[in-house]
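Data first, discussion second: the structure below is written as C-alpha cells.
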Amino acid sequence: MRLGKVSLLVLLLTLQACFIPPGESKPLINYNHLIFTAKVIRIMDGDTMEVLYQNQPIKIRLAHIDCPEKRGSQPFGNHAKKALSDLCFGQMVSIQGQKYDRYKRLIAVVINHNKQVVNQEMIKQGMAWHFKKYSSDPLYAQLEITARKNKIGLWQKADAVAPWAWRETRHALAK
C-alpha cells in the first residue's frame, strides 16, 4: 500500500503525539495559547481544578486571581472551593491556556456553560483577589474594587488577609 506524502506526515504526527516517553505519565502536549473544551472533573480549591481532555487529566490554575487557602484553614478557603464548584464542576468548559506554572498547572481562563468567565465570577462573588503579581488586567482590578466596596464574600471582613500573605506567614511559622 502506498501512502502519499500528506498521509505519511499525518501518520507520523499521530504516532508522535501518542508516544509517551519512559517516566512520563501523559503525552507531551503543549496547551499554551490553546483553546479547548474539557470536562471539569475535580475542584482542588478556589483557584485550581482538574479537567479531562482527550482522556487525560489536566490541572488548571485560574489566571488573574488568587483565592483563600483551603490548606491551613484560611477564612473563606472552603467557601471559595464551593463557589468554584458551583460555577463549573461537572460541566464542559472552554479553556484558554496561557502558560504553565512551576507546579506544571496550566494557567488559564475558564468559561462555563453559561458563558461566564469563571475567573471573573470568583472575584465578583468576593471569593478571590486580583493576583496583581501576575496580572495587570484592569478589569480584574475593577471587579475587586467593586466587590470590596459592596462588601461581597470575603470582603465582609475588614481584616481579610490576601492568600500570598497568608502563605508567607504559614511558611515563616513552619521554619
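The values are calculated or read from the model by the stated rules, or taken from the named source; none is laboratory data. Bear in mind the structure is a predicted one, so any value in this text is a computation, not a measurement. Note that each Cβ is placed from the backbone with ideal geometry, even for glycine, and that neighbours are counted across all protein chains shown.
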- Query: When the residues of region 128-154 are filtered to those that are surrounded by fewer than 16 Cβ atoms within 10 Å (Cβ to Cβ) and among the polar types (S, T, N, Q), which remaining residue is nearest to Leu62 (Cα to Cα)?
  - Reply: Ser136
- Tell me which of these Ala17 doesn't satisfy, since it passes every other one: (1) modelled with pLDDT under 95; (2) touching a Lys or Arg at 6+ places or on another chain (Cβ under 7 Å); (3) farther than 20 Å from Trp129 by Cβ. (2)
- Query: Which condition number does Gly46 fail, the rest of (1) out of contact with any helix residue (DSSP H, G or I) (no Cβ under 6 Å at 6 or more places or on another chain); (2) modelled with pLDDT of 95 or more; (3) among the small types (Gly, Ala, Ser) being met?
  - Reply: (1)
- Message: Out of everything in region 79-137 that is touching a Pro at 6+ places or on another chain (Cβ under 9 Å) and aliphatic (A, V, I, L, M), what residue ends up being nearest to Ile65 (Cα to Cα)?
- Response: Ala128
- Any idea which residue in region 101-118 is farthest from the chain's Cα centre (by Cα), counting only those that are touching a residue at least 40 places away in the same chain (Cβ under 8 Å) and surrounded by 16 or more Cβ atoms within 10 Å (Cβ to Cβ)? Val118
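Here's the yes/no breakdown for (1) touching a helix residue (DSSP H, G or I) at 6+ places or on another chain (Cβ under 8 Å); (2) among the hydrophobic types (A, V, I, L, M, F, W, C); (3) in contact (Cβ under 8 Å) with a residue 40 or more places away in the chain; (4) closer than 21 Å to Thr169 by Cβ:
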{"position": "Glu50", "(1), (2), (3), (4)": "no, no, no, no"}
{"position": "Gln54", "(1), (2), (3), (4)": "no, no, no, no"}
{"position": "Gln91", "(1), (2), (3), (4)": "no, no, yes, no"}
{"position": "Ser135", "(1), (2), (3), (4)": "no, no, yes, no"}
{"position": "Tyr140", "(1), (2), (3), (4)": "yes, no, yes, no"}
{"position": "Ile145", "(1), (2), (3), (4)": "no, yes, no, no"}
